[in-house]
Amino acid sequence: MPDVTTARTARRPSLLAVFAHPDDESLTCGGLLSWCVALGVRTSLLCLTHGEHAEHARTKSLLATVRARELRAAAAVLGLDDVTLLTHEDGMLPWTDPARLERDILETIERTAADIVITFDEDGLYWHPDHIAVHERTVAAIAAMATSQADAPALYYVSLPAGAMRAVADHAAELSAAREPVTTAPTHILGVADPDAFGADAPPPSLVLDTSDFARQKLRALRCHNSQIRENDALALVTLETAPRLLGVEHYRRAKGRGSTGETFLDRLTSSPVLPRPVD
Ligand SMILES: [Zn+2]
C-alpha cells in the first residue's frame, strides 16, 4: 500500500472531485474514489447541480429530491467523507455566471483543504456542455488560486476509456441474445444513446489506473442512481462478477501548467504503463 501522506505536512491528504450531476462521480471515478477511501485519504465530492432536467423528469423538483437521495446513497457506498450538492440549474452551467461557479469551487477546495482536485477532461466525457463548463470553471478556479497562493492543489482530469461503454453495450447485447426468448438489447448508457460517444475524443491519459479491485463498489454506487438506469440501459446488465472487467480501468490526465506540479500519491498508485492510443 503506497504511503499517501503529503510530504509537506505529513497530514492525511485530501482529494476533491468536482462534477456536474449525480452519477458523474460513480461512472467516471468510482473506483479511484473507493480506493482513496481505503487508503485513508479524505475524499470529498462537489456536485454542482441536482440533475433535475433529465429527459424523463416527472417533475423537476421531485427528480431533484430523488437524485439528491441517490447521490447520498452512492457517496455512502463509496465511503466519501464529504458531499457538497449545490443547486445550479441542470443543463445551464455554460450560461451560469462563471465567477459564481468558480467561487463555489474555490470555497469547496479551501474548506476540504484539497491537495488533489479531479474534474472532467476537456471532452466532457462526450462533449456534454455542463461537463465542459465544469472543466473550464475548475481550471479557472485553480489558476486563480495559483496566483494568490503557492500551494494550489494538483489537478487531474478524468475521461472514460474509449470503447469502454461500447464493451458494456456489447456485453448487454450478448446477454440479451442468449435469453429465451431473445430480449431486445439495451442500447443506452445513463440516457446517452451512443455508447461510442464516451471517451471518443478524450485526450490521451497520463495515468491509467487498474481499479478493478474497486469495481464492485463502483457498480454498487452506480446502481444507487436508480432513476438514471432504466430498462434500456446497458449498465443494468453489468453484474458484480463482470464489473471488474467492464468497469475496472480509469483514465486520468495531469493538468499541465495548472495547480501544483509535484508528485502526488496518485502517481504512486500504479505501475501500469499508459495504454497506446489505437491507430485509426
Ligand atoms: Zn453528467
Worksheet item: Zone of residue 240 (label point 7 Å along Cα→Cβ, backbone N under 15 Å): which residues in the stretch 209-226?
Response: 213-224
Item to complete: With only Lys, Arg, Asp and Glu charged, each at its Cβ (+1 for the first two, -1 for the last two), find how big the charge dipole of the chain is about the Cα centre; round to the nearest 20 debye.
Response: 680 debye
Worksheet item: Around residue 70, with a cut-off of 10 angstrom between Cβ atoms, what is the net charge of the other residues, counting Lys and Arg +1 and Asp and Glu -1?
Response: +3
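Restricting to the stretch 14-268, compute how many DSSP beta bridges are antiparallel as a %, nearest 5.
30 percent
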Discussion item. So, R0 is 51 Å and r is the distance between the beta-carbons of residue 81 and residue 180; what FRET efficiency does that work out to, to 0.05?
Written reply: 0.65
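By how many nm would the segment from residue 11 to residue 143 grow when fully extended, if each residue of separation counts as 0.36 nm and the alpha-carbon distance is taken off?
Working: separation 132, 0.36 × 132 = 47.52 nm, distance 2.43 nm.
Stretched out fully, the residue 11 to residue 143 stretch lengthens by 45.1 nm.
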Worksheet item: Computed FRET efficiency, Cβ-Cβ of residue 192 and residue 256, R0 35 Å: what is it to the nearest 0.05?
Response: 0.75
Worksheet entry | Between the stretch 16-81 and the stretch 134-173, the alpha-carbon center distance in angstrom | 15 Å
Practice prompt. Would you mind checking the stretch 28-55 for residues with the amide N under 15 Å from a putative spin-label position 7 Å along Cα→C-beta of residue 268?
Written response: 36, 39-42
Worksheet entry | Residue-averaged [θ]222 nm for the chain, counting only DSSP H segments that reach four residues, each worth -39500 (n - 2.57) | -11500 deg cm²/dmol
Fill in: Signed unit charges on C-beta, dipole axis of the chain, positive-most listed residue 269, 207, 50
269
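Each value in this text was obtained by applying a stated rule to the coordinates, not by laboratory testing. Remember, it's a predicted structure, so these values are computed and weren't measured experimentally. Glycine gets a Cβ as well: all are built from the backbone with ideal geometry, and neighbour counts include every protein chain shown.
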